[in-house]
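Have a look at the structure below, then the notes.
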Amino acid sequence: MPIAGFSLDCERLPGELPAWRATVRSETWAVVARGVAAKGGRLVALWGSDRTRGAAGGFVVSAAYAVREGLLWLDLPLAERGAGYPDLASLFPSAGRMQRAAADLLGIAADGAADRRPWLAHGTWPEACLPLRRDAAAGRAGAAREVADYAFVRVEGDGVHEIPVGPVHAGIIEPGHFRFSVVGEKVLRLEQRLGYKHKGIEQRFTELSPLDGHRLAGRVSGDSTVAYAWAYCTALESIAGYAVPARAAWLRALLLERERIANHLGDLGALGNDAAFAFGLAQFSRLREDWLRLSNEAFGHRLMMDCVVPGGVASDVERAVADRLTRQCDTIEREVRDLRQVYDEHSGLQDRFMTTGQVPPPLAARLGLTGLAGRASAQAADLRCDQSWAPYDQLAVNMATRTGGDVAARVAVRFDEVFESLRLIRIILLRLGESDRGSDIRGELRLPAKLALGAGWIEGWRGEVFVALEWDGERGANRIRRCHCHDPSWQNWPVLEHAVIGNIVPDFPLINKSFNLSYTGHDL
């Protein structure tokens, strides 16, 4: 029994990822959730699946938890199509929106859930359309409808008024609606409405060859293309029982750390700009552009799309290119250290950053704040450190944390993580140089002729990226039965609503940028 404190009949999923899966009954579903919460575990994801096959099978709700031993994936089969399952939102608040999304996509709902409003469905889908049901094809072909009203929570009182913002925003950003309830400029409440970018990605996976799915995974959220592609490939390689070559693992880590730095450089400039410090935007934009251009030269794509592939990586790094990558690390580190000193000593910036958008550590723990935003609120979780596997088990990653929980803390974590990733990249390049460049970087996957499940779990720049993959190799089907992709933004969007309370409306762009959450990775 691998999971301490629970009497579960778990199976270990193949591969390096420490992941266990078990099928449970309704009572056990609730007991395990309480146990995980009591032991300080985290809810990583919650999703539903249609596992009907003709008259057999049924619907399943699944949850993935981060526990001390690794990842725990639980399946709860539902007795019938309209059956419910125990609500998890009382234990893990972030589960609320995931449960609402599962209801929109499959028609399965949590019993006793306080909030049953639609989440991804805006009323425009054809009547009775549940997109992830196997029998939904006819429903999807029906006529679209008008957008339905959404029951925003109203705040009333003397001087209280609402400010609606979006879903179309100034500048080129993704769509989301924010409904502020304010007195004067002070924010009393913020309520979000997302789902505008729902595009049927999870259904699309079932129509693709499994060996092509990494390309779609890499486009779930373009700023996390390496993390998603790696997570998808890990899940597929687990199903195939395949271990990637050692050199490929090092190259994947190189790509992931470059992706982390590119996003941090962009955010540090944007945060300066949102505090009226255009000099910061100009300098960090220049550094990020240099970084992306060299990625394009070295890997064939500025964002490194399609570089992580099933069985390994698409290409190796020449020695001359490796030398350029190393020299760029030296240049970037020198300039970022200078810019950090500028940021730290600029009184105007610090006045805007300090105490703005605070999420105190106890609140962060209760709401499940994750990723870099969580680490800025003393939530010491980083898969590269906690559950490290190749090559991170040989890198001794230093986790960056802060306790302030404000914009300043989230800026500081970004600076710290840039320097740490630069250190890691130098080590990775050194190890690549010492190993045989002629060694394999990609192998061939052979998927089993049976039902099989796999999971991928990667510490992306924003936080934990998770992919759950169901492969149907039975009876000649040979297709993806279900692929669920989970972005850490699911956990952190609701926390943003709390972070802005008590601040003034003009500070919202700054607070929002300091989280920099994904719309498209959330909406799917």
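The values are calculated or read from the model by the stated rules, or taken from the named source; none is laboratory data. Everything numeric here is computed off the predicted structure, so don't read it as measured data. When we count neighbours, we look across all protein chains shown, and the Cβ atoms used for this are built from the backbone with ideal geometry, even at glycine. The protein model used for the area step is the full one, side chains on, heavy atoms only, and it has no ligands, DNA or RNA in it. Shrake-Rupley method; radii C 1.70, N 1.55, O 1.52, S 1.80 Å.
Quick check on D212: is it in contact (Cβ under 8 Å) with a residue 60 or more places away in the chain, of a type in the set (D, E), open to solvent by 30 Å² or more (accessible area, probe 1.4 Å) and at negative phi?
Working: in contact (Cβ under 8 Å) with a residue 60 or more places away in the chain: no; of a type in the set (D, E): yes; open to solvent by 30 Å² or more (accessible area, probe 1.4 Å): yes; at negative phi: yes.
No, not satisfied.
So which residues in segment 1-59 are over 21 Å from the mean Cα position of the chain (by Cα), assigned to a strand (DSSP E or B) and of a type in the set (K, R)?
R12, R53
For the structure I just gave you, tell me whether A101 is under 27 Å from G41 (Cβ atoms) and not acidic (D, E).
Values: under 27 Å from G41 (Cβ atoms): yes; not acidic (D, E): yes.
Against the criterion (under 27 Å from G41 (Cβ atoms) and not acidic (D, E)), A101 qualifies.
Identify the single condition in (1) open to solvent by 60 Å² or more (accessible area, probe 1.4 Å); (2) in contact (Cβ under 8 Å) with a residue 24 or more places away in the chain; (3) in contact with a helix residue (DSSP H, G or I) (Cβ under 6 Å, 6 or more places away or on another chain) that R154 does not satisfy, given that it satisfies every other one.
Only one criterion is unmet by R154, namely (3).
Hey, does segment 256-263 have a residue that's in contact (Cβ under 8 Å) with a residue 40 or more places away in the chain, acidic (D, E), surrounded by fewer than 22 Cβ atoms within 10 Å (Cβ to Cβ) and under 21 Å from S489 (Cα atoms)?
no
Of everything in segment 230-245 that's over 12 Å from the mean Cα position of the chain (by Cα) and aliphatic (A, V, I, L, M), which residue is most open to solvent (accessible area, probe 1.4 Å)?
Only one residue tops the list, namely A243.
Return the total of residues in segment 390-407 being assigned to a loop (DSSP other than H, G, I, E, B) and either hydroxyl-bearing (S, T, Y) or open to solvent by less than 80 Å² (accessible area, probe 1.4 Å) (or both).
Let us first name the residues in segment 390-407 that are assigned to a loop (DSSP other than H, G, I, E, B), namely 390-391, 395-406.
Now narrow it down to the ones that are either hydroxyl-bearing (S, T, Y) or open to solvent by less than 80 Å² (accessible area, probe 1.4 Å) (or both): 390-391, 395-397, 399-401, 403-406.
Of the residues in that region, 12 qualify.
For segment 426-524, list the helices (runs of 4 or more DSSP H) that sit wholly inside it and hold at least 2 residues that are within 12 Å of the chain's Cα centre (by Cα) and not aliphatic (A, V, I, L, M); which are they?
Values: elements: 489-499, 508-515, 520-523.
Per the criteria, 489-499, 520-523.
Looking at (1) open to solvent by less than 40 Å² (accessible area, probe 1.4 Å); (2) on the phi < 0 side of the Ramachandran plot, which is the only condition G107 fails?
Only one criterion is unmet by G107, namely (2).
Across segment 309-323, which residue is most open to solvent (accessible area, probe 1.4 Å) among those that are of a type outside the set (G, A, S) and farther than 13 Å from P245 by Cα? Before you say what the answer is, go through the steps one by one.
Our first condition is that a residue be of a type outside the set (G, A, S); within segment 309-323, this holds for 309-310, 313, 316-319, 321, 323.
Next, only the ones that are farther than 13 Å from P245 by Cα stay: 317-319, 321, 323.
Numbers: V317: 9, E318: 98, R319: 155, V321: 37, D323: 74 Å².
Within segment 309-323, the match that is most open to solvent (accessible area, probe 1.4 Å) is R319.
For segment 157-169, which positions are open to solvent by 60 Å² or more (accessible area, probe 1.4 Å) and more than 31 Å from the chain's Cα centre (by Cα)?
D158, H161, listed by residue number.
Considering only residues of segment 114-140 that are touching a Ser or Thr at 6+ places or on another chain (Cβ under 9 Å) and either without any contact (Cβ under 8 Å) to a residue 40 or more places away in the chain or of a type in the set (D, E, K, R) (or both), which is farthest from A45 (Cα to Cα)? Talk me through it step by step, then tell me what you get.
Going through segment 114-140, the residues touching a Ser or Thr at 6+ places or on another chain (Cβ under 9 Å) turn out to be 114, 132-135.
From the residues that got through so far, the ones that are either without any contact (Cβ under 8 Å) to a residue 40 or more places away in the chain or of a type in the set (D, E, K, R) (or both) too are 114, 133-135.
Details: A114: 19, R133: 20, R134: 22, D135: 25 Å.
For segment 114-140, the residue satisfying everything is D135.
Being of a type outside the set (S, T, Y), more than 23 Å from L349 (Cβ to Cβ) and touching a strand residue (DSSP E or B) at 6+ places or on another chain (Cβ under 7 Å) narrows it down to one of A298, A248, so name that one.
Just one listed residue meets the conditions, A248.
Since L76 meets every condition but one in (1) out of contact with any Phe, Trp or Tyr (no Cβ under 6 Å at 6 or more places or on another chain); (2) outside any helix (DSSP H, G or I); (3) farther than 21 Å from A381 by Cα, which condition does it not meet?
Only one criterion is unmet by L76, namely (1).
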